[in-house]
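Working notes for the structure below.
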Amino acid sequence: MRIDKWLKVSRIMKRRTISQELAKNQRVEINGKIVKPSKEVNVGDEVSVQFGSRKITVRVLSIEEVKRKKDASAMYEILKEERVESAESEELL
């Protein structure tokens, strides 16, 4: 499954278009490598997503085309959540 679709189905991102934009702006990584929206994600991959000043890293536990909202969190395991200083906020200082 494509990373942009997986982020939406797993409910990490609310919309697929947002997932696509994040990947196009080099804010999505799979196993430490920056990826495009079309990159395939596999079970066991570590996915990092930076949005705003927050970065979340998860391990992919399952890949399913459709998942109910209440069950979506079972598709991943949160490994790390952190605050990240963005380049934009550094420029303002």
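The values are calculated or read from the model by the stated rules, or taken from the named source; none is laboratory data. Treat the numbers as computed from the prediction; the structure is a model and nothing was measured. Cβ placement follows ideal geometry from the backbone for every residue including glycine, while neighbour counts extend to all protein chains displayed.
Search the range 1-16 for residues being aliphatic (A, V, I, L, M) and over 18 Å from Lys55 (Cβ atoms), and hand back the single one that is nearest to the chain's Cα centre (by Cα). Let's see the steps before the verdict.
At the first step, the residues of the range 1-16 found to be aliphatic (A, V, I, L, M) are 1, 3, 7, 9, 12-13.
Subsequent filtering for residues that are over 18 Å from Lys55 (Cβ atoms) retains 1, 9.
Details: Met1: 13, Val9: 11 Å.
Taking the candidates together, the pick is Val9.
Checking the condition over 13 Å from Lys8 (Cα atoms), of a type in the set (A, V, I, L, M, F, W, C) and modelled with pLDDT of 95 or more, which residue from Val58, Val84, Val49 passes?
Values: Val84 fails: modelled with pLDDT of 95 or more; Val49 fails: over 13 Å from Lys8 (Cα atoms).
Result: Val58 is the single residue among Val58, Val84, Val49 that is over 13 Å from Lys8 (Cα atoms), of a type in the set (A, V, I, L, M, F, W, C) and modelled with pLDDT of 95 or more.
Answer yes or no: is there a residue in the range 2-25 that is modelled with pLDDT under 95, of a type outside the set (Ser, Thr, Tyr), touching an Asp or Glu at 6+ places or on another chain (Cβ under 8 Å) and loosely packed, with under 15 Cβ neighbours inside 10 Å.
No.
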